[in-house]
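Just so it is clear, none of the values below were taken in a lab; they were calculated from the coordinates. Here the structure is a predicted model, which means the values were calculated and not measured. So basically every Cβ, Gly included, is an ideal-geometry build from the backbone, and we count neighbours across all protein chains shown.
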Amino acid sequence: MKLAIMQPYFLPYIGYFQAINEVDKYILYENLSFIKDAWMNRNNLMLNSGLLSMFSVPLLAKTSNEYIRNIKIDNSKKWSEKILKTILFNYKKSAFFDETYPLMEELLQENHEYLYQLNAFTIISISEYLDIQTEIVFDNKKYLVVEEQLRKIEQNDFSAFPYLNKTKPDKKTARVIVMCKMEGANLFINAIGGQDLYSKEEFAQYDIDLKFIKMDSDIDYSQFSKEFIKNLSIIDVLMHNGKEGTKQLLKRYTLI
């Protein structure tokens, strides 16, 4: 079974959905600390002038010491209306506006108290829209005990997971190995940035094949800018490529 684990980001870029499409199960993991400079409540799209614009979901509290699952949305602000107006004004001349905008309205007009609920809802909805068959899990209650046990590893105590004494991994690596074992996964897919975090040789000692997903560098499509700007929100991809074109882009990656 192929598994991937990632924090629930807000309307992420195409590479995020490529990873979802590649695996059998994708865990949206909220039992991690919220990082205020990450892409959990914000992202980039392109104005019709060709300039980038960041859109965001306002939060009631932003602290890196709080778990993602506890971060609440400030719904006193009309943030969804603002984002939809920005999309409408700047993408109304895009090739697939009529096809994509109703989807954006459906996603952003839903009311959610917590950020992870919003992000999970939008990620799952877009994956279903793109006919991705992967099982996406965002209820991580069963891993709360695991997180408590993983804290011992920071004191070099592997008593909760004695099999980890084989390599004595750091906490981040231990978390992935333990979750792979719990899910019965023999292949773990990680973003390309994880090459500096995880070792294929170490994972192999636990009978887990580790692969990194790398989006094709030559991916581009017609945008409002003169030069192609990569890694924008999936909004930009859908507006310029539509459902079928985006489904083709989902296949443009390499596992290394």
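Couple of notes before you dig in:
- Sites N48 and E99, calculated FRET efficiency, Cβ-Cβ separation with R0 25 Å, nearest 0.05: 0.90
- Using equal-weight Cα scatterers in the Debye expression, the normalised intensity of the stretch 1-112 in log10 at q = 0.10, 0.12, 0.14 Å⁻¹ is -0.35, -0.51, -0.69.
- Potential lengthening between S33 and Q205 on full extension [0.36 nm per residue; Cα-Cα distance subtracted]: 59.1 nm
- Given (1) 31, 24, 15; (2) 34, 22, 15; (3) 58, 28, 18, the label whose value is semi-axes √(5λ) of the Cα gyration tensor in Å derived from this model: (2)
- Sorted by Cβ neighbour density within 10 Å, fewest at the top, the residues M215, M239: M215, M239
- Taking every C-alpha pair closer than 8 Å and separated by at least 6 residues, the mean separation divided by the residue count of the stretch 141-213 gives a relative contact order of 26 percent.
- Taking amide H positions as modeled 1.01 Å from N, with prolines and chain starts lacking one, the residues under 5 Å from L187 and 5 or more places away or on another chain are L3, D209.
- Stretched out straight at 0.36 nm per residue, the stretch from Q195 to K168 would grow longer than its current Cα-Cα span by 7.9 nm.
- Note on S217 and F121: their simple-model spin labels are 4.0 nm apart, each label 7 Å out from Cα toward Cβ.
- Cα-Cα over 26 Å, subset of K36/K211; K85/K214; K78/K243; K181/K247; K92/K226; K36/K181: K36/K211; K85/K214; K78/K243; K181/K247; K36/K181
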